[in-house]
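The values are calculated or read from the model by the stated rules, or taken from the named source; none is laboratory data. What you see is a predicted model; the values in this text were computed from it and never measured. For neighbour counting, all protein chains shown are included, and Cβ atoms are generated from backbone atoms with ideal geometry for every residue, glycine included. The accessibility values were calculated without ligands, DNA or RNA, using every heavy atom of the protein model including side chains. Shrake-Rupley method; radii C 1.70, N 1.55, O 1.52, S 1.80 Å.
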Amino acid sequence: MRFRKLAGLSAGALTLGMLAAPALMTPANAAVTSTATASFTCGTGMQTSAYNATITFKLAHNNGGASLTATLSDMPNGAPAQYVNFPGATVSNKLTVAANGADVVLEGSHKADFIGGTPTKMPKATGSLATRPASISIKAYSYDVKKADGTNAAAQSCTLAAPVAVTFADEAQLAGVNATCTIDMSASGFGGAGAYPAKLETTATMPAKGTVGTAMTVPVTAKITLGREFSDYLETSPVKKVTGKVAPKITVGAATATGDIALSTWNRTIPSGTGIGSPVNEFVSVEGAGNVTVKPAAAGTHNATLSGAAGSATMTVTFGDVEMDAPMDCVLAAPATLASVSVVAAGPSAACKAATTNATKAASAYTAAKKAYTKAVKKVKALNKKVKKAKGAKKTKLKKQVKKAKKAQTSAKKKVSSTTKALSSANAAKKKSC
C-alpha cells in the first residue's frame, strides 16, 4: 500500500503539532438501534404471567463483526408480596434471536429486587455476531432468579406469542455487503491501518449480439458505499472528502477489456472550529458511470462476466494548511455473471468487397478481350482463304478486307494484353485486402 505525498509538502515534513492529532485509523464501534415489542407468556401451569416486553436493540460493529445488546422493559410480577420477597436477588436472563441464519443467545445478569406486586428490572442481554445483520428475529426468552443467599428462587421459560422481526434501517442499506475497503497510513508516521465493510455495486448492460473483431461498447455503472462504521471513524478524523474510481473488467469468451470509471466526490461539511469530533450522520457513497469496450475474439455463444471490479477511493485529510491524500483499496469478493452474447464470424471488409468487385470486372473484361481476339484471328484466316480463290476486282476487294481484319486483330491482341495486366493487378489487390 503506497502513501501519497502531501499536496505541497512531503510526509516527512509533518510538524509535531500535526502528529498530536487523534489516531486516525482507530475504528470506532458504530452503533445503530431498533425497538420492538414481544409478547411472552412466562411460567408453567397456573403459575403464568404475561410479559409484553419492549426491547431496544443496539447493534455495534467492529470491522465486519458485531455485538448486539437488548435492553428490556421491566417485567410485571403479580405474585403476592407476602410469598415472593427476595430483595438483592441475582436476576439472569437469556434472549435467543436469529441473525444471518444462525441462532444467537444474548445473556445478562444483575442484582435486582424480586418482589411480588413490584415490576422487576431485567438485565441487559448481550451477544456477539460473526457478521453484521440487516435484521434479526426474536425467538425465545427465559430468566432465572437466585436469592441473595445463592439459593434458587425461580427459573422461568417464556413462550413467544408470535415471531417478531427487527430491522435496522441503516444496516438494510448495506444488505449484501460484498467488499472490503482498506486504508493504510502507517507510512505517514501518524495513524495506522483499518479495514471497513463496503458495498461495491457494478452493473453492466451487455449487448445480446456481437461480431468477431468488432468493438462492443458495454455501459457500466459503479458505486461504493461505506457504512456506519466508516462514518463513525470519520467523526474522529479530519477527513474532508472521499472520491474514487472503479476498474471493471468485461470478459466475453477469451476476450477481456478493463474500463476506468471515475466516481463522484463526497464532501463533508465541517462546522468552523469542529474539524475533529463532528459526527457524520450518513453513509459515505460515491458513484459514476462509463463504458468498457471489448472485441470478441471468436464466434459462438459466450457467457459474459463482470469481474475484476476492484475500486479505489481517496480520502483527503486536512491539518490546518496541510492536505494529504490517503488511498483506500476496495476489493470485490466475487465476479458477477452477465447475460450470454451471441458472436458471429466477421464478414469481409469494405475494402475486400471493393477489391473483389474490381477483380470480377477485370476477369470479365479479360474474358471478353480474349474472345474478341480469337474471333479476329478466325476472320483473318477465313478472308485469306477467299483471297487465294478470288480473281480480278473481287480479289482486290478481299485483300482490303484482310488488311482491315488484321488491324482489328492487332487491336484485339493489345486489348488482351491490357486486360491481362489489369486482372493480375486486381487479383493482387484482392489478395491483400481479403
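Look through segment 81-101, keep the residues that are under 51 Å from the mean Cα position of the chain (by Cα) and open to solvent by 50 Å² or more (accessible area, probe 1.4 Å), and return whichever of them is nearest to Phe57 (Cα to Cα). Can you show your working first?
Start the filter on segment 81-101 by keeping residues that are under 51 Å from the mean Cα position of the chain (by Cα), which leaves 91-101.
When the remaining residues are screened for being open to solvent by 50 Å² or more (accessible area, probe 1.4 Å), the result is 94, 100-101.
Details: Lys94: 14, Asn100: 16, Gly101: 18 Å.
The selected residue is Lys94.
Filter segment 43-62 down to the residues that are surrounded by 20 or more Cβ atoms within 10 Å (Cβ to Cβ) and at pLDDT 90 or above and list them by number. First the steps, then the outcome.
First, pick out the residues of segment 43-62 that are surrounded by 20 or more Cβ atoms within 10 Å (Cβ to Cβ): 51, 53, 55, 57, 59-61.
Once the filter is applied, which keeps residues that are surrounded by 20 or more Cβ atoms within 10 Å (Cβ to Cβ) and at pLDDT 90 or above, segment 43-62 yields Tyr51, Ala53, Ile55, Phe57.
Name the strands (runs of 3 or more DSSP E) wholly inside segment 38-155 in which the number of residues that are free of Cβ contacts under 8 Å to residues at least 24 places away in the same chain is 2 or more. Outline the logic, then answer.
On the way: elements: 47-62, 65-72, 85-99, 102-115, 125-129, 135-146.
Output list reads 47-62, 102-115.
Quick one: which residue in Ala161, Ala193 is surrounded by fewer than 17 Cβ atoms within 10 Å (Cβ to Cβ), in contact with a Ser or Thr (Cβ under 7 Å, 6 or more places away or on another chain) and modelled with pLDDT of 85 or more?
Values: Ala193 fails: modelled with pLDDT of 85 or more.
Selected residue: Ala161, the only one of Ala161, Ala193 that is surrounded by fewer than 17 Cβ atoms within 10 Å (Cβ to Cβ), in contact with a Ser or Thr (Cβ under 7 Å, 6 or more places away or on another chain) and modelled with pLDDT of 85 or more.
Here are the criteria: (1) touching an Asp or Glu at 6+ places or on another chain (Cβ under 8 Å); (2) in a strand (DSSP E or B). Tell me which single one Val220 does not satisfy.
(1)
Could you grab me the full set of residues in segment 332-355 that are assigned to a strand (DSSP E or B) and at pLDDT 70 or above?
From segment 332-355, those assigned to a strand (DSSP E or B) are 332, 336-344; that's our starting set.
Within segment 332-355, Ser340, Val341, Ser342, Val343, Val344 meet the criteria.
When the residues of segment 206-218 are narrowed to those that are open to solvent by 60 Å² or more (accessible area, probe 1.4 Å) and in contact with a Ser or Thr (Cβ under 9 Å, 6 or more places away or on another chain), which ends up farthest from Gly253 (Cα to Cα)?
Residues of segment 206-218 that are open to solvent by 60 Å² or more (accessible area, probe 1.4 Å), as a first pass: 208-209, 214, 217.
After this cut, where a residue has to be in contact with a Ser or Thr (Cβ under 9 Å, 6 or more places away or on another chain) as well, the list is 208-209, 217.
Details: Ala208: 14, Lys209: 13, Thr217: 16 Å.
Once the filter is applied, the top-ranked residue is Thr217.
Give segment 204-227 a look and list any residue that's closer than 19 Å to Cys181 by Cα and at pLDDT 80 or above, or say none. It would help to see each step written out before you state the result.
At the first step, the residues of segment 204-227 found to be closer than 19 Å to Cys181 by Cα are 221-227.
Answer for segment 204-227, where residues must be closer than 19 Å to Cys181 by Cα and at pLDDT 80 or above: Thr221, Ala222, Lys223, Ile224, Thr225, Leu226.
Does any residue of segment 108-123 turn out to be aliphatic (A, V, I, L, M) and farther than 17 Å from Thr69 by Cβ? Before you say what the answer is, go through the steps one by one.
From segment 108-123, those aliphatic (A, V, I, L, M) are 112, 115, 122; that's our starting set.
From the residues that got through so far, the ones that are farther than 17 Å from Thr69 by Cβ too are 112, 115.
There is at least one residue in segment 108-123 that is aliphatic (A, V, I, L, M) and farther than 17 Å from Thr69 by Cβ.
Yes/no matrix, rows are residues, columns are (1) surrounded by fewer than 18 Cβ atoms within 10 Å (Cβ to Cβ); (2) part of a strand (DSSP E or B); (3) modelled with pLDDT of 90 or more:
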residue	(1), (2), (3)
Gly273	yes, no, no
Ala289	yes, yes, yes
Ala297	yes, no, no
Ser312	yes, yes, no
Val317	no, yes, no
